[in-house]
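Asker: Pasting in a structure now, in structure tokens, and then I'll have a few things to ask.
The values are calculated or read from the model by the stated rules, or taken from the named source; none is laboratory data. Bear in mind the structure is a predicted one, so any value in this text is a computation, not a measurement. Methodologically, a virtual Cβ is constructed for each residue, glycine included, from the backbone with ideal geometry; neighbour enumeration extends over all protein chains shown.
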Amino acid sequence: MNQQTFHYDNKLPKYFAIACIFWGTVGMLLGVIAAFQLAFPVLNFSEFMPYLTFGRLRPVHTNAVIFAFVGNGIFTGVYYAIPRLLKTPMWNKTLGNIHFWGWQFIIVCAAVSLLMGFTTGKEYAELEWPIDILITLIWVVFGLNMFGTILTRRERHLYVAIWFFIASWVTVAMLHIVNSMEFPVSFMKSYSWYAGVQDALVQWWYGHNAVAFFLTTPYLGLMYYFLPKAADRPVYSYRLSIVHFWSLIFLYIWAGPHHLLYTALPDWAQSVGTAFSIMLILPSWGGMLNGLFTLRGAWDKVREDPVLKFFVVAVTCYGMATFEGPMLSLKNVNAISHYSDWTIAHVHIGALGWNGFLTFGMMYWLIPKLFNTKLYSRKLASTHFWIGTLGILLYAIPMYWSAFRSYFMMSAFTPEGQLQYEFIDVVQTVIPFYIMRAIGGTIYLTGVLLMCYNLIKTAKTGEFVATEEATAPALAKDYKAPANSIWHSLIERKPIMLLILSLVVVGIGGLVEMIPTFLVKENIPSIASVKPYTPLELQGRDLYIKEGCYNCHSQMIRPFRYEVARYGEYSKAGEFVYDHPFQWGSKRTGPDLARIGGKYGDSWHFNHMLDPTSMSPGSIMPSYPAMYEDVIDKASTNSKIHAMRQMGVPYPANYEAIANQDLEKQANGIASKLLIENKIKISSDKEIIALIAYLQRIGTDIKLQPNPSK
Amino acid sequence: MKFSTYLVHITGVSIYPLISLCLFVVFFFLMIYWMYSIDKKEIERIQNLPFDDHKKI
């Protein structure tokens, strides 16, 4: 047979590995800072600058860990494994370089723009439209390079890891494009194309599947490659991996609505989300067991080898998180966990345990290979393993505890039927847990720093192998599939077919959930008294989004006695029809704001935003002094109103022309009321006036009509 | 807000759950059939692919 010689490139895997570890360290450090901010609000430094408040820092942390740390981790594995599995170098070096540098450029743009307050206000999709476009382009470059490689391969069969990479690529592309549909208002400002309930459904279809197809399936690809490599034995059952793959991608995409249980999302969509989430246990555990059973008869190695130790805990955490996920999607469990620290614990079992430990194991295995040497210190790596494990436990346990504690306190009534605790009492009682969690995070980060040292030392003792030579025969053109392998040859050996089928399989779930919510009118019963925001309120809402208030405050009251008693009438789908984007939030570090309008006077908000503890002693909210200096960006009113009308918000024709007059009139009203009633002197063009206008509007429309249900 | 309230407005609605049940059953049966149809030797070769990279054949 015609033998061909070729070279595997190690440069890009090395670059991606360095980027992964670097951004991982940065992202985790930001997480530790954000964790301490919740216990010690002074660390927001908001007296000095607005850039580091929790509301802006937390999205940088989440984006850095998901897209920078895990993203670069995926690419490291892909650029190392795919050429070796297909016996061909990556298709195009230039595309590879564009991919690498483009992705790092996106990360820098993301970090800078988020800290500056440019955000779309949708969790894990906060980046503004120019960066969204850049992500799409770089993702296409990555796809081209991957498919170019697959199409020029010397191995007919696509190993299961590659299926996971293909499905991840196509699904992430679909999710990113659908969820990022936004109407640009200016450079770095846009509004989500969807509104209210529909926006929520699309967002959590995206949010859930970002976890599925960015944090899970590509890492399963890495597991199916690196775990057998490290254990030096093939995967336990290749047949099981086939079932794992198809059932996982078939079921995962449907489960998004479990993030919206008990909200104003239609009941049927919530039920679909729950049903599919429960079914997800089977493929997930199939995959976990496949990973763990791969080590059958090799557990003596696990005792010795730090790489395998990391893999075992990673796969176990995958199993724990994928058991916990379906449990959290049961309505009665979700009633406790939603908006609480339980969710935070759950995602960190996944992020620190599954993604973190799998990445560390991969790095401890890969870096010595790339530098043709042995790991500098196995002992140090084992220390990292124990420190990391301790860090995860110290992170997660306080969060579970805090979640239950706050649930019991929030839902407690006195015998007279009054709520037993104020919100601030609950905040005060969970602060010690926030401190413990922050210490857990710090311990985990210390382990990562040990790894950095260990890997740098490893690299220094060896010499980098830039390319590796290999030979293999070219793909035979006149190949005949063996008998009995019709299905097999139809899909597995045809990458484009695999791509299309994956897209169809993941597309069905999204379509079935979304089309009815968009087309069937009864899904969002309209409420006649709900009107569009005034220009001043719209500007105030944009400030609310800019400061990332949704990171701590929800705007969605669930129909529970203890929520209605605390916050007011439960939220209805029809209340959010003009909310581009929706701001329901996912965590209540602060109280729900869905009925905040009219609850307090303007002066309360004025004082509270300047010094939260003055109005609410013991509050951990940062102050926002910049809003008392900066003026409302009136120049943008015109294009904002125009954009809203384009998306169907019923502002009168040519309202743009007089919008700023209305804005000034309302602002003057608020400023003079503050002066007359509370002797507070503030110019009416300051941002705080707009924010007060918005806060006083939230949730009040429904009070204007006698029968709020339909 | 109950799904059934507007489901009843769709003509021939009872066919949809049957279609979806069939879709699911067919999907999983095809997958399982496919899985078992793969030749044992072939499986063995495929699952050893990760170890094939440095061999100069």
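Asker: Within the stretch A:94-133, can you find the residues that are out of contact with any helix residue (DSSP H, G or I) (no Cβ under 8 Å at 6 or more places or on another chain) and within 20 Å of A:VAL70 (Cβ to Cβ)?
Answerer: Residues satisfying the conditions are A:TRP101, A:VAL108.
Asker: State all residues of the stretch A:82-106 that are crowded, with 24+ Cβ neighbours inside 10 Å and in contact with a Pro (Cβ under 9 Å, 6 or more places away or on another chain); if no residue qualifies, say none.
Answerer: A:PRO83, A:LEU85
Asker: So, one more: Of A:GLN666, A:GLN696, which residue is polar (S, T, N, Q), touching a Ser or Thr at 6+ places or on another chain (Cβ under 8 Å), at pLDDT 95 or above and not assigned by TED's automatic domain parsing to the domain that holds A:TYR51? Break it down stepwise before answering.
Answerer: On the way: A:GLN696 fails: touching a Ser or Thr at 6+ places or on another chain (Cβ under 8 Å).
Testing whether each residue is polar (S, T, N, Q), touching a Ser or Thr at 6+ places or on another chain (Cβ under 8 Å), at pLDDT 95 or above and not assigned by TED's automatic domain parsing to the domain that holds A:TYR51 leaves just A:GLN666.
Asker: Next question, about the same structure. Go through the stretch A:533-586 residue by residue and tally those that are buried (at least 22 other Cβ atoms within 10 Å of the Cβ), under 30 Å from A:VAL631 (Cα atoms) and of a type in the set (S, T, N, Q).
Answerer: Selection size over the stretch A:533-586: 5.
Asker: Further question on the same structure: Restricting attention to the stretch A:170-183, does a residue exist that is modelled with pLDDT of 90 or more, more than 14 Å from every other protein chain (Cβ to nearest Cβ), outside any helix (DSSP H, G or I) and in contact with an Asp or Glu (Cβ under 8 Å, 6 or more places away or on another chain)?
Answerer: We begin by selecting, within the stretch A:170-183, every residue modelled with pLDDT of 90 or more; these are A:170-183.
Add one more test, that the residue is more than 14 Å from every other protein chain (Cβ to nearest Cβ), and what stays is A:170-183.
Those still in the list that are outside any helix (DSSP H, G or I) too: A:180-183.
Filter again for in contact with an Asp or Glu (Cβ under 8 Å, 6 or more places away or on another chain), leaving A:180, A:182.
Scanning the stretch A:170-183 turns up at least one residue that is modelled with pLDDT of 90 or more, more than 14 Å from every other protein chain (Cβ to nearest Cβ), outside any helix (DSSP H, G or I) and in contact with an Asp or Glu (Cβ under 8 Å, 6 or more places away or on another chain).
Asker: Please find, within the stretch A:289-313, the residue that is nearest to A:GLY447 (Cα to Cα) out of those that are touching a residue at least 12 places away in the same chain (Cβ under 8 Å) and of a type in the set (Lys, Arg).
Answerer: So the residue we want is A:LYS309.
Asker: Could you give me the residue pairs with C-beta distances under 8 Å whose first residue belongs to the stretch A:82-103 and is closer than 15 Å to A:ILE135 by Cα, whose second residue is surrounded by fewer than 17 Cβ atoms within 10 Å (Cβ to Cβ) wherever it lies, and which are 6+ apart or on separate chains?
Answerer: So the pair list comes out as A:LEU95/A:LEU144; A:LEU95/A:GLY148; A:GLY102/A:LEU137.
Each row is one residue, and each column tells you yes or no for (1) within 14 Å of chain B (Cβ to nearest Cβ); (2) crowded, with 23+ Cβ neighbours inside 10 Å.
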position	(1), (2)
A:LEU137	no, no
A:GLY207	no, no
A:PHE213	no, yes
A:GLY221	yes, yes
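Asker: Please go through the stretch A:361-378 and pick out each residue that is in a helix (DSSP H, G or I) and either within 17 Å of A:PHE433 (Cβ to Cβ) or in contact with a Pro (Cβ under 9 Å, 6 or more places away or on another chain) (or both). Let's see the steps before the verdict.
Answerer: Taking the stretch A:361-378 as the starting set, the residues that turn out to be in a helix (DSSP H, G or I) are A:361-370, A:378.
The answer is A:GLY361, A:TYR364, A:LEU366, A:LEU370, A:ARG378.
Asker: Scanning the stretch A:440-449 for residues that are surrounded by 18 or more Cβ atoms within 10 Å (Cβ to Cβ) and among the aliphatic types (A, V, I, L, M), which turns out farthest from the chain's Cα centre (by Cα)?
Answerer: Looking at residues that are surrounded by 18 or more Cβ atoms within 10 Å (Cβ to Cβ) and among the aliphatic types (A, V, I, L, M), I get A:ILE443.
Asker: Would you confirm whether or not the stretch B:6-24 contains a residue that is facing another protein chain (nearest Cβ under 9 Å), outside any loop (DSSP other than H, G, I, E, B) and modelled with pLDDT of 75 or more?
Answerer: Yes.
Asker: Sticking with this structure for a sec: Residues in the stretch A:156-163: is at least one more than 14 Å from chain B (Cβ to nearest Cβ) and assigned to a helix (DSSP H, G or I)? So that I can check it myself, show each step before the final result.
Answerer: Restricting attention to the stretch A:156-163, the residues satisfying the condition of being more than 14 Å from chain B (Cβ to nearest Cβ) are none.
For the stretch A:156-163, residues more than 14 Å from chain B (Cβ to nearest Cβ) and assigned to a helix (DSSP H, G or I): absent.
Yes/no per residue for (1) in the same structural domain as A:TRP254 (by TED's automatic domain parsing); (2) modelled with pLDDT of 95 or more; (3) loosely packed, with under 15 Cβ neighbours inside 10 Å; (4) of a type in the set (D, E, K, R):
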site	(1), (2), (3), (4)
A:PHE423	yes, yes, no, no
A:PHE433	yes, yes, no, no
A:ASN454	yes, yes, no, no
A:THR461	yes, yes, yes, no
A:LEU490	no, no, yes, no
A:ARG493	no, no, no, yes
A:GLY509	yes, no, no, no
A:VAL520	no, no, no, no
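Asker: Report, by residue number, each residue of the stretch A:265-295 that is over 26 Å from the mean Cα position of the chain (by Cα), surrounded by fewer than 20 Cβ atoms within 10 Å (Cβ to Cβ) and within 14 Å of chain B (Cβ to nearest Cβ).
Answerer: A:PHE293
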